[in-house]
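Trainee: The following block contains the structure, expressed as structure tokens.
The values are calculated or read from the model by the stated rules, or taken from the named source; none is laboratory data. Since the structure is predicted, the reported quantities are computational estimates derived from the model, not experimental observations. Here the Cβ is made from the backbone with ideal geometry for all residues, glycine too, and neighbour counts use every protein chain on show.
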Amino acid sequence: MLLTYVLSFAVAMFIHELGHLLAARACGVATPELGLGWGPKIFECRIRGVQFKLHALPIGAYIRLDMQMLQSKPLAQQIFILLAGIFVNLAAAFATPGTWFSLMNYVLAATNLMPLYQQDGWKCGMVLSCVVFASLALRYF
């Protein structure tokens, strides 16, 4: 049962990051690296310009985006890229009802929506705050 949980969570994290990667690619934002886990690197390979890395501890995942390219995109594209992982997790959860995999995808989607540091919800909040404060600054200063 523990192995099922760990594998389900690892796959859910991987597809979450793939969602960000595919959305970024669709919007023309470079994505040089995608990693699953933390700690010592176990495996890595390069596919279509993306360095895929697998680390020893299956806790967390990440994608490295070209932040200058991301910030140069329209607001709608930035939000789309930041929320794409959540969309993928929700689609996977709906497609596999009643399974551990479905539960892990719902959990991952819900926790990423929270406005906690480095979660997707926090990142979207930061992007929206920058837009709001920039427009206020232009209007009043």
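Trainee: Just need a number here: residues in segment 50-85 that are hydroxyl-bearing (Ser, Thr, Tyr) and more than 20 Å from ALA12 (Cβ to Cβ). Working first, answer last.
Mentor: Applying the first criterion (hydroxyl-bearing (Ser, Thr, Tyr)) to segment 50-85 yields 62, 72.
Next, from what is left, pick out any that are more than 20 Å from ALA12 (Cβ to Cβ): 72.
Of the residues in that region, 1 qualify.
Trainee: Checking the structure you have, find out if any residue of segment 33-49 is farther than 30 Å from LEU3 by Cβ, of a type outside the set (A, V, I, L, M) and either more than 14 Å from the chain's Cα centre (by Cα) or surrounded by 13 or more Cβ atoms within 10 Å (Cβ to Cβ) (or both).
Mentor: Within segment 33-49, the first condition is being farther than 30 Å from LEU3 by Cβ, and the residues that meet it are 48-49.
Next, from what is left, pick out any that are of a type outside the set (A, V, I, L, M): 48-49.
Remaining after also requiring either more than 14 Å from the chain's Cα centre (by Cα) or surrounded by 13 or more Cβ atoms within 10 Å (Cβ to Cβ) (or both): 48-49.
Scanning segment 33-49 turns up at least one residue that is farther than 30 Å from LEU3 by Cβ, of a type outside the set (A, V, I, L, M) and either more than 14 Å from the chain's Cα centre (by Cα) or surrounded by 13 or more Cβ atoms within 10 Å (Cβ to Cβ) (or both).
Trainee: Scanning for something more than 28 Å from SER129 (Cα to Cα) and crowded, with 16+ Cβ neighbours inside 10 Å, does segment 58-75 turn up at least one residue?
Mentor: First, pick out the residues of segment 58-75 that are more than 28 Å from SER129 (Cα to Cα): 58-59.
Cutting the leftovers down to crowded, with 16+ Cβ neighbours inside 10 Å gives us 58.
Yes; the residues of segment 58-75 include at least one that is more than 28 Å from SER129 (Cα to Cα) and crowded, with 16+ Cβ neighbours inside 10 Å.
Trainee: Select, from GLY121, GLY85, the only residue that is in contact (Cβ under 8 Å) with a residue 60 or more places away in the chain, out of contact with any Cys (no Cβ under 8 Å at 6 or more places or on another chain) and not in a loop (DSSP other than H, G, I, E, B).
Mentor: Exactly one of GLY121, GLY85 is in contact (Cβ under 8 Å) with a residue 60 or more places away in the chain, out of contact with any Cys (no Cβ under 8 Å at 6 or more places or on another chain) and not in a loop (DSSP other than H, G, I, E, B), namely GLY85.
Trainee: Tell me which residues, restricted to segment 77-100, are of a type in the set (A, V, I, L, M, F, W, C) and at pLDDT below 95.
Mentor: TRP100
Trainee: A follow-up question, please. Which one of these is polar (S, T, N, Q), crowded, with 18+ Cβ neighbours inside 10 Å and over 12 Å from the mean Cα position of the chain (by Cα): ASN105, ASN89, ASN112?
Mentor: On inspection, the qualifying residue turns out to be ASN105.
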